[in-house]
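Structure record follows, encoded as structure tokens.
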Amino acid sequence: MSGRDGQGEIVVAAARGDATAATILAALRRRGRASRLVDEATLARAVLEHRPASGAPGRGTQALPGDRLQLPDGGVVGPGTGLLVWRLDTFPLAAVSAGHREYADAEAFAAGLSWLTGLGDKVLNPPDPFGLAGPRVDLLRLAQLCEQAGVATAPFELCTNQAAARPGPTGRAWVWQPPGLPDPTQRWTPHPAGPPLPRPVLRTAAVQPAEPVLVLDARVVGTAAVPGEALVALAAAAGLRCAEVSTGTTADGRPVVTAVSPVPGLRAAGQFPAFVSYLERRADRTIEEAAA
Amino acid sequence: MIVIIGTPAEDPVRRLVDAARAEGVEALVLDETAAADWNLRVGSGPEGRYARLAGADGEVDLAGATGLYLRLTAPGRTGPVPDPLEQDRHDAAIALAAGWADVAAMRVANRPRAMASNGSKPYQAALIRSFGLAVPPTLVTNDPAAVQGFWDQHGRLVYKSASGVRSIVHELTPARGADLARVRHLPTQFQRLLEGTNVRVHVVGAAVFACEIGAATIDYRYREGGEAATMRAVELPPAVAERCVAVAAALDLPFAGIDLLRDDDGNWWCFEVNPSPAYSCFEEPTGLPIAAALARWLAGEGE
Ligand SMILES: Nc1ncnc2c1ncn2[C@@H]1O[C@H](COP(=O)(O)OP(=O)(O)OP(=O)(O)O)[C@@H](O)[C@H]1O
């Protein structure tokens with residue numbers, strides 16, 4: 001299943017301290033699966049030769065022949081790879097001085113987004129301008145996607161000036177620290193009590209959280225208060241083949257979705273083996289397709 | 001009513017405001033430079049999503065608008081550093097306006113989520129090609145040997161930024177090529193140098209406005225000591241116009257500035273689709289009625 005140049009390998013790109021990534025790789029190795037970790041230090045010494053789809057119009061966005069990322073130990077990530085699990089927010093290929101950091105990071109991200117896109121199905125989740133690991137879903141987008149999928153979110157309101165706003169929905173107030181909208185996958189800090197200040201605030205109804213579920217294509221691993229088909233529809237609407245969906249119940253007993261993430265934490269029972277088997281199935285399929 | 005978010009003194013915003021007035025379209029303008037004072041609340045509840053702006057005369061329901069024009073340019077601030085809460089309100093207002101623009105059930109020019117495709121030029125180019133316009137052969141690499149091979153293959157190359165950060169497009173000349181080892185520090189985008197006539201196309205919904213550019217430099221936006229570029233309105237071949245509309249629609253950029261080149265063999269190539277076009281630079285010298293078309297489109301007219 002594996003050979004020269006990393007053919008058929010499952011590659012996990014993750015930060016050195018990503019314990020979930022380490023556990024995934026250990027499990028793959030136990031199952032005799034050719035796999036490797038690519039971390040920031042490896043990527044900093046990698047050589048990219050990216051040939052994005054170009055020339056006359058044509059279908060798809062698959063990269064052209066010759067596209068490859070050469071790793072320092074001679075390994076290659078490219079069309080021969082079985083599956084690439086990208087868990088990083090950045091594409092850390094730039095080796096420039098601090099003065100040019102911002103430009104270099106933007107350039108490297110742009111290169112990484114294009115390169116990952118060119119790998120097509122060989123990447124776990126389609127990369128997105130809002131996340132190389134897959135699109136990040138902010139609160140407003142979550143509400144829109146849930147509406148499309150026919151599931152509820154907890155009512156919320158974001159306001160730019162707590163002191164000037166009319167009384168909004170009842171519920172808890174949380175500190176909203178911009179820039180950016182509050183990320184539903186993060187824990188928010190409760191807003192301190194006291195008179196309203198002229199500052200941004202988020203209010204939501206309290207939700208009793210349930211264990212997150214894992215969506216892998218059409219399959220749901222774990223039990224949620226929300227019907228499985230709706231969660232599958234939600235992940236698909238978000239553009240994710242693999243998603244961790246957080247759900248919960250409001251005080252009045254309504255099941256709601258609270259977050260969708262492209263980078264699963266795999267903490268709930270049964271999710272880890274299901275995820276590893278899924279990676280193997282995906283890699284097998286790309287290997288079969290390459291052989292056909 | 002249409003909502004316009006941007007800096008009123010900036011040309012594209014000013015022209016749209018004037019055009020809306022001339023077309024009899026009511027416009028609510030949110031001044032980006034005063035975003036800290038917006039008093040915006042956006043939420044989702046049993047009655048659906050909502051967006052409301054509080055003003056002196058009560059609240060305006062922004063969801064009642066037919067269209068939204070968003071041109072956030074992050075103008076530099078002058079004067080004393082604002083207090084931290086004011087800065088937070090400003091940042092929150094911008095984030096909320098952009099987040100709402102992504103999900104608002106109305107015509108939006110353009111949704112930030114769609115605009116982001118332009119943050120990676122090679123990524124956007126691959127999409128453009130899949131939607132029907134040719135794009136130049138491209139290599140993104142930090143390998144000097146790969147650049148040399150690509151150079152030998154294509155004869156003449158340009159290099160330019162891959163991200164949304166603006167760069168001047170230059171030819172890779174032998175003098176600049178002597179320093180190729182520098183790409184080792186950062187993946188860089190190289191492209192076959194195309195020769196021909198630059199044509200800038202503005203798409204507004206299903207309407208197309210094209211202008212031809214006469215320029216002495218490769219990147220006509222910079223004269224680099226030479227003559228300034230000249231512009232004249234032109235008609236596109238219908239098949240090219242159709243593809244421009246289709247590409248803009250597929251990228252979810254109903255208002256787009258498409259950079260095309262017609263080469264000496266009559267082939268059409270696309271460099272990029274600008275998601276927040278500074279259309280005023282093209283409207284002013286040619287008289288193409290882009291702002292008026294945009295105002296009418298935002299008001300709900302046409303496709
Ligand atoms: N491969 C090429 N061959 C010839 N001319 C080119 C090439 N690429 C770019 N140009 C010229 O430079 C101009 C700007 O190019 P492009 O739009 O790709 O640049 P950019 O800096 O990425 O753009 P922006 O700053 O608008 O995001 C083009 O309109 C064209 O005139």
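Residue-level check: of (1) more than 9 Å from the ligand (Cβ to nearest atom); (2) buried (at least 18 other Cβ atoms within 10 Å of the Cβ); (3) aliphatic (A, V, I, L, M); (4) under 17 Å from A:Ala94 (Cβ atoms), B:Ala162 misses just (1).
Scanning segment A:148-184 for residues that are crowded, with 17+ Cβ neighbours inside 10 Å and of a type outside the set (A, V, I, L, M, F, W, C) yields a count of 11.
Taken as a whole, segment B:217-235 holds at least one residue that is within 13 Å of the ligand (Cβ to nearest atom), outside any loop (DSSP other than H, G, I, E, B), touching a residue at least 12 places away in the same chain (Cβ under 8 Å) and touching a helix residue (DSSP H, G or I) at 6+ places or on another chain (Cβ under 8 Å). Only one entry of A:Ala94, A:Ala106 meets the criterion of being in a loop (DSSP other than H, G, I, E, B), under 30 Å from B:Leu194 (Cβ atoms) and at the interface with chain B (Cβ under 10 Å from one of its Cβ atoms), and that entry is A:Ala94. The single condition among (1) within 14 Å of the ligand (Cβ to nearest atom); (2) more than 14 Å from chain A (Cβ to nearest Cβ); (3) more than 18 Å from B:Asn110 (Cα to Cα); (4) in contact (Cβ under 8 Å) with a residue 60 or more places away in the chain that B:Glu283 does not meet is (1).
Residues in segment A:119-146 that are on the phi < 0 side of the Ramachandran plot and part of a helix (DSSP H, G or I): A:Asp121, A:Lys122, A:Leu139, A:Leu140, A:Arg141, A:Leu142, A:Ala143, A:Gln144, A:Leu145, A:Cys146.
For segment B:122-154, the candidate set comprises residues that are away from the ligand (no atom under 12 Å from the Cβ) and small (Gly, Ala, Ser); within that set, the residue that is nearest to B:Arg262 (Cα to Cα) is B:Gly132. Here B:Val165 passes the criteria (1) among the hydrophobic types (A, V, I, L, M, F, W, C); (2) at the interface with another protein chain (Cβ under 9 Å from one of its Cβ atoms); (3) in contact (Cβ under 8 Å) with a residue 60 or more places away in the chain; (4) part of a loop (DSSP other than H, G, I, E, B) except the one numbered (3). Considering the conditions (1) in contact with a His (Cβ under 9 Å, 6 or more places away or on another chain); (2) surrounded by 23 or more Cβ atoms within 10 Å (Cβ to Cβ); (3) within 17 Å of A:Ala13 (Cα to Cα), A:Ala94 is excluded by exactly one of them, (2). Please determine whether any residue of segment B:178-191 is away from the ligand (no atom under 16 Å from the Cβ), of a type outside the set (A, V, I, L, M, F, W, C), over 30 Å from B:Ala146 (Cβ atoms) and part of a loop (DSSP other than H, G, I, E, B). The answer is no, given that none of the residues of segment B:178-191 is away from the ligand (no atom under 16 Å from the Cβ), of a type outside the set (A, V, I, L, M, F, W, C), over 30 Å from B:Ala146 (Cβ atoms) and part of a loop (DSSP other than H, G, I, E, B).
Taking (1) more than 9 Å from chain B (Cβ to nearest Cβ); (2) aromatic (Phe, Trp, Tyr); (3) touching a residue at least 40 places away in the same chain (Cβ under 8 Å) in turn, A:Trp174 satisfies each apart from (3).
Any residue at all in segment A:203-210 that's at pLDDT below 95 and either over 23 Å from A:His191 (Cβ atoms) or within 16 Å of the chain's Cα centre (by Cα) (or both)? The answer is yes, given that some residue of segment A:203-210 is at pLDDT below 95 and either over 23 Å from A:His191 (Cβ atoms) or within 16 Å of the chain's Cα centre (by Cα) (or both).
The values are calculated or read from the model by the stated rules, or taken from the named source; none is laboratory data. This structure is a prediction, so every number in the text was calculated from the model and none was measured. FYI the Cβ positions are ideal-geometry reconstructions off the backbone, even for glycines, and counts take in every protein chain you see.
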